[in-house]
């Protein structure tokens, strides 16, 4: 935990990775927060950086993250680069005393994530994992219903994440050396995180992965090496509480476009009621009790955004704008001198579970999850 900031000066933030994720999530979130100022960006593409310099009104850009981390006029970094670069960038940022938010998965395996967590703890900097869906209004309300006992004793968790993506190249994301895994690390890992946040730690699991699309061509028809990561993943888990969980994710579900959001269904069945979160309708849950049907229920206003967030829940596309609260939480943790939620410790717990899915499939057995420490 860091000390609270004693001056009103904005937190000076640099983006490492200036692609679509930064443009879609992080920049709008930072722009909304008067306590933050986006001052710099780093990317491997000099051409993209030149474009971002004008679009984002940046004072400094570079293709070398080491140069960025060494600057005294930067307080914090947001890392949105290929997965295999997260470890060295985080180590450099922490060593330079920069607060760090990093996209998921934090690393290629749990050992890498442990090193990232320890480096940030040793440096005394704020660390945060960009687990977006914890900030969805329906997810926040669902957690409240569980905590207050409104659903009774939680018995089952169920997650479906179905996307209808093109079967052309994913770029770096389709190669194990750069991504670690495919759908499992890119999509299912989010669901492992919010399942644990809702239901408590996962005790043991079994899982499987599969690859159906070779992805041997780029979108413009150029040949590329075939994919060696999964495009489907599934697992069964037992939480320490004794509740059960079932997860399935795929990028090849034809007809599941849903306005670009895809199909997202996260459900908890309790002894008194069932409740459902859906990404494309994040300001409502589905709620049902014995003998009745699941029916839409508006999320109460206190759960539409975190207290203090400058975001107006009435503005923008609901399935997009809740993501801006990621940046608000990161800046809040820095300003208030506290741990960010979710932290790298949460990223480690999710990584341990995701790694266990691959181990389970390779060994054909259930895996008991070790403690994250």
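Here, each number is a calculation from the coordinates, and none is a lab measurement. Just so it is clear, the model here is predicted, and its values are computed rather than measured. When we count neighbours, we look across all protein chains shown, and the Cβ atoms used for this are built from the backbone with ideal geometry, even at glycine.
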Between residue 338 and residue 295, with labels modelled 7 Å along Cα→Cβ, what's the label distance in nm to one decimal, could you check?
3.7 nm
Computed from the coordinates I sent, Kirkwood radius over Cα pairs in Å equals one of (i) 23.9; (ii) 24.5; (iii) 21.2. Tell me the label.
(iii)
Tell me what the chain gives for mean residue ellipticity at 222 nm when only DSSP H runs of n ≥ 4 count, each as -39,500 (n - 2.57), the sum divided by the residue total, rounded to 500 deg cm²/dmol.
-8500 deg cm²/dmol
How far apart, in nm, are two points set 7 Å out from the Cα along the Cα-to-Cβ line at residue 95 and at residue 118?
1.5 nm
Mean Cβ count within 10 Å, highest first, over the residues of peptides 321-332, 117-128
321-332, 117-128
Please compute P(r) over all alpha-carbon pairs of the stretch 11-132, binned at 5 Å starting from zero, and give each bin as a whole-number percent.
2, 12, 24, 26, 20, 11, 3, 1
Do you know the relative contact order of the stretch 237-372, to the nearest whole percent, from alpha carbon pairs under 8 angstrom that are 6+ apart?
10 percent
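If I take R0 = 35 Å and measure r between the Cβ atoms of residue 244 and residue 280 in this structure, what FRET efficiency does the formula 1/(1 + (r/R0)^6) give, to the nearest 0.05?
Details: r = 26 Å, r/R0 = 0.74.
Calculated value: 0.85.
Taking 22 Å as R0, compute the FRET efficiency from the Cβ-Cβ separation of residue 203 and residue 362 and round it to 0.05.
0.65
For the stretch 83-180, just run the numbers: alpha carbon Rg, then divide by 2.2 N^0.38 Å, N being how many residues it has. Let's see the in-between values first.
Numbers: Rg = 17.7 Å, N = 98, 2.2 N^0.38 = 12.6 Å.
Expressed relative to 2.2 N^0.38 Å, the Cα Rg reads 1.41.
How high is the FRET efficiency from residue 64 to residue 167, r the C-beta distance, R0 30 Å, rounded to 0.05? Could you put the intermediate results ahead of the total?
On the way: r = 35 Å, r/R0 = 1.17.
Efficiency, from the Cβ-Cβ distance: 0.30.
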Where a label projected 7 Å from the Cα of residue 46 along Cα→Cβ would reach, residues of the stretch 67-105 with amide N under 17 Å:
67-68
Using only alpha carbon pairs under 8 Å that are at least six residues apart, calculate the relative contact order of the chain and give it in whole percent.
21 percent
